[in-house]
DNA sequence: GACTCACTAGGACACATGTCCTATGATTGA
DNA sequence: TCAATCATAGGACATGTGTCCTAGTGAGTC
């Protein structure tokens, strides 16, 4: 129909619905309705609901990697790359206000469900963490790179959670500005370091 | 048995289980087992599961109010009150690492469930927001009180989310220290203002 | 002792859900 | 053209769940 295989359509619909409604609260009926296939046909493509979850996490993982690579290519300066990350909050503002952060809310839910896929979901956080850490290393903050990475990550999670609870765009913009200034102050301290990769 | 009415026991068990397992994932069987009563007996005390959720949110709301009042009594200085808030992350470290923030995760879940109680749950956030704002006003930050309150709230949410995902105590302690320094810098800027209530 | 009433136990009921099975149509390759 | 494989539809099945109903218990009261 639209060039995508049924399997791909299922994964993408599941990805969207898991984000909007949560994993547990999304039924096979929901997904099959979204893809317009029968519920029984489902098990030809996936042996279980958990298998779909795995596929969704894998998809998000690959998408994230692609995104990070894009930011690296489009921004010579590590600081600008970090700004790209922070700017997701603006770019995806509407979605975040409606449904929160896709990564944070998924990890949180799987944690409560005591689901075995929790570790895989946490790897999404790890991906950002490693990448941000790498940028801070390039900025010269070798010793504190991981701490700074976690700080930026925590910032984004906090803003996403409250943006969702309060549906407040202005708050998001203001916090992103704050974070921008904080990033500036980091570079000023080490502006002698101009070797980037 | 232990001086509590059955109704109270149900609410407290539900409060704990909703926190640990999530609202939807907690069944009547879970709660009745925790309280040691039959599942059927349940509907004598509550007409529906949603009614239990309402009672749990109400309980949390009252507990929070009590907590905030305690902090006000025990700390003359608004800055110390705010520090008390930030220190929940340390005080409840183990729970937060295991299950995240009770408020944040509940609001997030109810949002995904499109549950009518979401608004009530968000009032828990509002309670902290108003209270923190009040303290910042007392500190002299009249115009930016609400912004600062949201900033501190977002901070706590971000730290709780990552603490849960990474199970990292050191990260929590470090971020709390950072926030402490940030609070110091706020007072230094306005240390001429010494009128507190 | 009879009565009331708060409280409890146990099971029935309808419904949704994840899973599985079988039959049928579509596509492909020799 | 025909057989084999892919893909799909539809329904069966067991299970768990929220909800509801009815019978029973036990303490207190007249």
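The numbers here are math on the coordinates, done by the rules we state, and not lab data. Note that the structure is predicted; figures quoted are calculated from it, not measured. As a convention, Cβ positions derive from the backbone with ideal geometry for all residues, glycine included, and neighbour counts pool all protein chains shown.
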Once the label point is placed 7 Å from Cα along Cβ, list for residue B:119 the distances to the corresponding points in the other copies, in nm, shortest first. 4.4
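Expressed in whole Å with the largest first, what are the equivalent ellipsoid semi-axes of the stretch A:53-116 derived from the C-alpha gyration tensor as the square root of 5 times each eigenvalue?
25, 15, 9
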If labels are modelled 7 Å from Cα along the Cβ direction, residue B:143 lies from its partners in the other copies at nm distances, smallest first, of 3.9
Report the relative contact order of chain B, percent, no decimals, based on alpha-carbon pairs under 8 angstrom and at least 6 residues apart. 22
Got the residue B:95 label distances to the other copies yet, label 7 Å along Cα→Cβ, in nm, shortest first? 3.3
Exercise: per-residue mean of other protein chain Cβ atoms within 10 Å, B:19-28: 3
From zero up to wherever the largest Cα-Cα distance of chain A sits, split into 10 Å bins and tell me the percent of pairs in each. 8, 31, 32, 19, 8, 2, 0
Per-residue ellipticity at 222 nm attributable to helices in chain B (runs of n ≥ 4 DSSP H, -39500 (n - 2.57) apiece, nearest 500 deg cm²/dmol) works out to -24500 deg cm²/dmol
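Other chains' Cβ within 10 Å of B:33-40 residues: what's the mean? Please list the in-between numbers first.
Values: counts 0, 0, 0, 0, 0, 0, 0, 0.
Average per residue, whole number: 0.
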GNM on chain B, C-alpha springs below 10 Å: top fluctuator among B:19, B:99, B:43? B:43
Output the Cα-based Rg and Dmax of the protein assembly as shown in Å, rounding Rg to one decimal and Dmax to a whole number. 22.5, 72
Which chain A residue sits with its beta carbon nearest the axis carrying A onto B, and how many Å away is it, rounded to a whole number? A:158, 1
Per residue and in cubic angstrom, what volume does the convex hull of the Cα atoms of the stretch A:1-47 have? 70
Considering chain A as a Gaussian network with a 10 Å cut-off on Cα pairs, which listed residue, A:117, A:55, A:29, attains the greatest mean-square fluctuation? A:29
Report, as an integer, the average count of C-beta atoms from other chains found within 10 Å of each Cβ along A:160-173. 5
